[in-house]
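Heads up, the thing below is written out as structure tokens.
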Amino acid sequence: MSGPHVGVHEKGTFSVFDLLKSVKDRRDFRKAGALAMFIGVVRGKTPDGETVKKLSLEAYEKKANEVLTNICDDLRRKAGVIDVQIHHFVGEFDAGEDLVYVLVVGAHRQDVFPVLEEAVNRYKKEAPIFKKEYVTDKRGKTKSRWVSEGETG
């Protein structure tokens, strides 16, 4: 298989096309009947209506790679699951840019959707990835703050 299987990447070093190619090139992809993907993107507004100018993402990379690998290894053991991959990006991002790819390949469609949701919920809770949000409030004042996954969704 070409390319990284799971983990943290600098923005721009890995694309959704790289991900799909790496999955479809695998010998065991022939067992697949379903492929489901979640792409997390930068939202342009906060829940309070502030405009998001950019996000800056950092990770405790060694630990984040370990956590993401463990989540994927754990979920691959579920019945009907062929592959699970989580690729999270770090760097500076504008609204609309991709932040994370989560992919699940399974024998049947009913095998992939619950695992996809679990993978997304787990990486948000477990991976040491940190977001700094740069926003402009309704009065035009720009500020920055560190935010947790619970605040940004």
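The values are calculated or read from the model by the stated rules, or taken from the named source; none is laboratory data. This one's a predicted model, so the numbers in the text were calculated from it and none came from an experiment. With ideal geometry, Cβ positions are generated from the backbone for all residues, glycine too; neighbour counts draw on all protein chains shown.
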Scan the stretch 63-112 residue by residue and report those that are touching a Cys at 6+ places or on another chain (Cβ under 9 Å) and either over 21 Å from Arg26 (Cβ atoms) or of a type outside the set (Val, Ile, Thr) (or both). Asp83, Gln85
I need a count of the residues in the stretch 52-70 that are under 26 Å from Leu35 (Cβ atoms), β-branched (Val, Ile, Thr) and surrounded by fewer than 21 Cβ atoms within 10 Å (Cβ to Cβ). 1
Subset of the stretch 73-100 [among the hydrophobic types (A, V, I, L, M, F, W, C) and under 22 Å from Lys131 (Cα atoms)]: Ile86, Phe89, Val90, Phe93, Ala95, Leu99, Val100
Among the residues in the stretch 83-93, are any charged (D, E, K, R) and within 24 Å of Glu118 (Cβ to Cβ)? yes
Of the residues Gly140, Gly91, only one is at pLDDT 95 or above and surrounded by fewer than 16 Cβ atoms within 10 Å (Cβ to Cβ); which? Gly91
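Taking Lys63 as the residue in question, decide whether it is within 15 Å of Val147 (Cα to Cα) and either in a strand (DSSP E or B) or in contact (Cβ under 8 Å) with a residue 12 or more places away in the chain (or both).
Values: within 15 Å of Val147 (Cα to Cα): no; either in a strand (DSSP E or B) or in contact (Cβ under 8 Å) with a residue 12 or more places away in the chain (or both): yes.
The answer is no for Lys63.
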Cβ-Cβ below 8 Å, separation at least six or inter-chain, first residue in the stretch 21-50 and within 16 Å of Asp98 (Cα to Cα), second of a type outside the set (Gly, Ala, Ser) and in a loop (DSSP other than H, G, I, E, B): which pairs? Val41/Glu97; Val42/Asp94; Val42/Glu97
One residue is enough: does the stretch 5-14 have a residue meeting the conditions among the β-branched types (Val, Ile, Thr), part of a helix (DSSP H, G or I) and either at pLDDT below 95 or surrounded by 14 or more Cβ atoms within 10 Å (Cβ to Cβ) (or both)? no
